[in-house]
Amino acid sequence: MPGKRPLSVTSIRCAKRERKAITLDVKLEVLRRFEEGEKLSQIAKALGLAISTVATIRDNKEKIKASSEAASPLRVTQLTRHRSAVMENMERLLSLWIEDQSRRNVPMSTMIIQEKAKSLFDDLQREQGESSHTETFSASRGWFVRFKERHGLPSFKVSNEAASMAGELRYSEVLKSIIQKGGYTPHHVFNIGETGLYWKRMPEKTFTSVEENAAPGFRSAKDRLMLLLGGNAAGDFKLKPLLVYHSENPKAMKGYSKPNLPVIWRSSKKAWVTRSIFHEWFTYFFCPAVEKYCAQNNLANKALLILENAPCHPVNLSDLSDNVRVEYLIENKADPIQPMGQGVISTFKAHYLRKTFQHLIGGTDGEDKGTIREFWRNYNIMNAVDNIAEAWDELEPSLMNSAWKKIWPECVHAHDASQTETITQIQQDIVALANDLGFGELLEADVGQLLQSHDEDLSNEELMQLEQERAAEEKEENEDTPPFLRQLTTKELSEAFFHFEEGMQILANNDPNNERKFKVSRGISDVISCYRDLYNEKKRRSKQLS
């Protein structure tokens, strides 16, 4: 094509060497990050690879996993097994469900996983039709062992409730000791909690919910986002909510500036808080917010962050800040002690639902206003963002403080209960608003059922929809995103050489093993020689042009 310069020999050689240098471990790390919900560009940036390279690894997922399995003698026999599409889909959805359960610290056992596998298999067979009914699946012990090996699952332990209760008592004493030794006040001690929110879900008896359930295709009531909510024990500082959605740029966001939103907007394919998202939140949002709060209130710049011991929470957070200490809860699901789980998150969700009904009335009350159906059809994720921010602002300091009564009762102040709005009162308001809208049959129990549904396990239908959305968005991303063109300048190459040489000098000055350091030095020089060739060629072209 005219105007398009052909690739030089050194550029082609460099690209080939880059592809050859990617080990199986790096490829598996790419696949792990992709399955965790990270974007192509995020993975490429984190691992120092080209986006096209990451995309190629993703497209060859099955071959790479087969190579990994072939490398282990225990798994060779698995490669000869014929696996149907129903079985492949079932295991993919089951792995997704296990990941969700693990992320929420829900206790699991072999029997629970086998029952879920059988349930998913049966539902997928019904969806496929009669042609798939010839295959049988019993979720046997042998299948489970192979499934564990294929997906690298850990051993599952049955939770001991008595031991957990004893652990909580010990943890409470340990926490008091940490607070006393660190000189932390209630203003310095923070907790955050993660929760799902079906942002466009109505109680089942409302006609909007009935009509949507009867309609085919995508159901917006199944569209879930994740929130990270938290504040300090004094109750006077609530953190800006972190919102994770499955789309980075939904259509409704067009024209909005993300930094100016009332929430911290992030995305992952499964709408989950991944380790990388949490790491970024801690470093660039939590620590600066605490520093600013302490400065404004003439407090020492320090904080104690108490977290649930969840897979998405990196273990090295305390190493990332000199002023923030991180401690992990010993949590018992039967009797949780995390402060945000002591009525804060449930009250927030009740406020959110009431805000939604209030907006419904405001948008349909009047002669020139549209119908309820029209308003609800146009209710989008940005309306939900506004409602989330308003609902979070409405939580009172007394509620935020009283949530610490289990884990740190000494910091809880006496509050006038008559001045604090309860969930029951909010539910009664919601029923009254629903009656004003014409939802006459709605009861408080229906509202309570909706509020509880946000934290229920993902159903088989929701798992299937989540996987379909992920596949559709991945396809759209590949089709719509123009290729990102990178260029290495002589300045960037020179800077890279400087860092290489600086790093090698550190090793040379401190490694007592001469043979090893010379071997590494030669190896690195050989690997980056393609970049030196590229640098020399760019310098030569620059001289010719000048």
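Across segment 252-363, the convex hull enclosing all Cα atoms gives 178 Å³ per residue. Using the alpha-carbon positions of segment 24-70, Rg (one decimal) and Dmax (whole number) come out as 9.9, 29 Å. Probe radius 1.4 Å, ligands and nucleic acids ignored: give me the carbon and sulfur share of the accessible area of segment 490-545 as a rounded percent. So the carbon and sulfur contribution to the accessible surface is 53 percent.
Computed in the context of the full set of protein chains, the accessible area of segment 167-460 at 1.4 Å probe radius has 49% of its extent on carbon or sulfur.
Heavy-atom accessible area per residue, segment 24-70, 1.4 Å probe: how many Å²?
50 Å²
Could you pull out the pairs from 61/269; 39/65; 176/405; 63/517; 61/148; 45/270 whose alpha carbons sit more than 24 Å apart here? Result: 63/517 exceed 24 Å. Measuring nothing but protein heavy atoms, the accessible surface of segment 24-70 at 1.4 Å probe radius is 51 percent carbon and sulfur.
Calculated accessible area for segment 85-151 comes out at 48 Å² per residue, all protein chains present (probe 1.4 Å; ligands, DNA, RNA ignored). Give me the Kirkwood hydrodynamic radius of segment 167-460 in Å, from all C-alpha pairs, to one decimal place? Taking every pair of different Cα atoms in segment 167-460, averaging 1/r and inverting gives 20.5 Å.
Normalised radius of gyration (Cα atoms, divided by 2.2 N^0.38 Å) for segment 85-151: 1.12. Considering segment 490-545, its Cα convex hull presents a mean projected area of 3.9 nm².
The values are calculated or read from the model by the stated rules, or taken from the named source; none is laboratory data. Owing to the predicted nature of the structure, the values given are computational and were not obtained by experimental measurement. Areas reflect the complete protein model, heavy atoms only, side chains present, ligands, DNA and RNA absent. Shrake-Rupley method; radii C 1.70, N 1.55, O 1.52, S 1.80 Å.
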